[in-house]
Amino acid sequence: MSIVPYQEKYHQAFIDLNMHWLEKYFEAEPYDKKQLEQCQEMIIDPGGCIFIGILENKPIGTYALVKINRQTTEFSKMAIDESYQGNGFGKQLMEHSIDTAKNMNFQKLVLYTHCKLESAIHIYKKFGFQTINVESNCPYERCNKKMELDLALK
């Protein structure tokens, strides 16, 4: 799989991959829909980025880094097409996101998740993410777990 920066031609794939994942495990919240539909304004323009995983000219995965402040970015909107799961593509996207966040000079990478996503949490822990408190104004209603990676340790 090659990982390429977001281009407008991948917008629908970015939406579809994420909506499929959200609807499988939860439901798409208004904040999710806004980020997906207005990704240029909500993610890229404020200093974040989106990447698309391409295999055989087909978008099969995605992730975004959403800038929170000068030191912290959020790992978000990660999804892999179901038919390609279990082949290490998620790990590849995670490694790419860590390298990208470091290259963008962020010190911390955070993510919001839910305790029922045990496999994902296990992978996050393998990468060194630690559980921290979820703030009261968390942007995701489904979130009951927040994790953080100190990029200086990577």
Quiz item: In region 55-80, how many are at negative phi and more than 16 Å from the chain's Cα centre (by Cα)?
Solution: 5
Quiz prompt | Filter pass, Cys138 being under 16 Å from Lys67 (Cα atoms) and either open to solvent by less than 50 Å² (accessible area, probe 1.4 Å) or not in a loop (DSSP other than H, G, I, E, B) (or both) | solution = yes
Quiz item: (1) at pLDDT 95 or above; (2) closer than 28 Å to Asn137 by Cα; (3) small (Gly, Ala, Ser): which one isn't true of Ala13, the others all being true?
Solution: (2)
Quiz prompt | Filter result for the condition that a residue is closer than 20 Å to Lys146 by Cα, open to solvent by 70 Å² or more (accessible area, probe 1.4 Å), modelled with pLDDT of 95 or more and among the charged types (D, E, K, R), over Glu27, Glu74, Glu95 | solution = Glu95
Quiz item: Conditions: (1) within 12 Å of the chain's Cα centre (by Cα); (2) over 21 Å from Gln107 (Cβ atoms); (3) aliphatic (A, V, I, L, M). Ile3 meets all but one. Number of the miss?
Solution: (1)
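The values are calculated or read from the model by the stated rules, or taken from the named source; none is laboratory data. All values reported here derive from a predicted model rather than from experimental measurement. Reconstructed Cβ throughout: ideal geometry from the backbone, glycine too, with neighbour counts over all protein chains shown. Accessible surface is based on the protein model in full, side chains and every heavy atom, while ligands, DNA and RNA are left aside. Shrake-Rupley method; radii C 1.70, N 1.55, O 1.52, S 1.80 Å.
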